[in-house]
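The structure under discussion appears below in the form of structure tokens.
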């Protein structure tokens, strides 16, 4: 029996290996597996078949593997010893023999299958390349055109692949519309349906603010100013702690810019979200007092081991220090990573008075 010849296949695979880096042996193995499935689907699925493609010539050999028995009960998987000896005199009962076959029209099926496998492998390699490219871009900002938008998901066209912004990564105060161009922070890269890479994008993540500042302020990008921490209530307010080891650099002034122009560019991208830029200090009491700006602080008493701070403010500054719905205090606590309890001067004096009274009663007893 004559094998199915396909020198063009080998030439194509060698070209593929040079241009795309897809190993010839890897594709041939995939074609062999696909041909086996195609054979069983189109011919005798009960046969025990082996398919072998010559790596040099592309010749495709199809073998029916049969067991040598005394009496044949299944033609598809068995052969008697007499017929086996016509192939090889050394064979004996219980051995397996490979009989080469060339089914009618299998050459056409083989060509179609090989083409499908090559296309599939090309797609896989392309997907892998894109996946790796965007996987390296985790933590960066990307721009895309909105293709679909609702409260559950926003789908963005990022050029070579799709970006997805789930509901929890959207900013509650923002409205997204099809064909709008928006920026987003790359949270993760996942394998989507059929293995296609999918970029998970966020506009609500605190690191989105960090990256926008890095992009807008050269001193941050160059490492002259360091962003120590960011806390964010997406769509409403962010607090950013900055520091410079260089005493000649004003980190807050550099970030805000002349007449606030630098920080305004970031605020515009965030659709008006307020940004408080404060100077980080290694002294937690100073840092906590700064974090509660714009409120004026009278005193900060810290318990280092518990990372707890008792903050005293003038009576007229209490609501400002706490903020609407506790926002200012909450963002300050997150920024500093300290538990913060805020008391007005009157509340603090009353607390001291009550404590003093209890102590006096205890001493009388």
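Points to keep in mind about this one:
- Failed item in (1) assigned to a loop (DSSP other than H, G, I, E, B); (2) surrounded by 14 or more Cβ atoms within 10 Å (Cβ to Cβ); (3) touching a helix residue (DSSP H, G or I) at 6+ places or on another chain (Cβ under 9 Å), with residue 174 passing the rest: (3)
- Enumeration of residues in the stretch 177-191 that are out of contact with any helix residue (DSSP H, G or I) (no Cβ under 6 Å at 6 or more places or on another chain) and either in contact (Cβ under 8 Å) with a residue 40 or more places away in the chain or in the same structural domain as residue 124 (by TED's automatic domain parsing) (or both): 183, 184, 186, 187, 188, 191
- Lone unmet requirement of (1) in contact (Cβ under 8 Å) with a residue 12 or more places away in the chain; (2) assigned to a strand (DSSP E or B); (3) in the same structural domain as residue 182 (by TED's automatic domain parsing) for residue 155: (1)
- Residue 300 crowded, with 16+ Cβ neighbours inside 10 Å, in the same structural domain as residue 332 (by TED's automatic domain parsing) and on the phi < 0 side of the Ramachandran plot: yes
- Residue match in the stretch 249-260 (condition: under 20 Å from residue 342 (Cβ atoms), buried (at least 16 other Cβ atoms within 10 Å of the Cβ) and not assigned by TED's automatic domain parsing to the domain that holds residue 174): no
- Residue 142 vs. criteria under 19 Å from residue 210 (Cβ atoms) and not in a helix (DSSP H, G or I): yes
- Within the stretch 68-97, being surrounded by 16 or more Cβ atoms within 10 Å (Cβ to Cβ) and closer than 30 Å to residue 25 by Cβ holds for 77, 97.
- Candidate set: the stretch 46-60, residues that are modelled with pLDDT under 85 and closer than 28 Å to residue 23 by Cα; chosen: the one surrounded by the fewest Cβ atoms within 10 Å (Cβ to Cβ): 57
- For residue 122, the test of being surrounded by fewer than 16 Cβ atoms within 10 Å (Cβ to Cβ), at negative phi, touching a residue at least 24 places away in the same chain (Cβ under 8 Å) and in a loop (DSSP other than H, G, I, E, B) is failed.
- Pairs, first within 30 Å of residue 242 (Cα to Cα) in the stretch 192-210, second modelled with pLDDT under 80, C-beta under 6 Å, six or more apart: 199/134
- All conditions but one from (1) closer than 29 Å to residue 7 by Cα; (2) in a helix (DSSP H, G or I) apply to residue 104; the one that does not is (2).
The values are calculated or read from the model by the stated rules, or taken from the named source; none is laboratory data. Quantities reported herein were computed from a predicted structural model and do not represent experimental measurements. Reconstructed Cβ throughout: ideal geometry from the backbone, glycine too, with neighbour counts over all protein chains shown.
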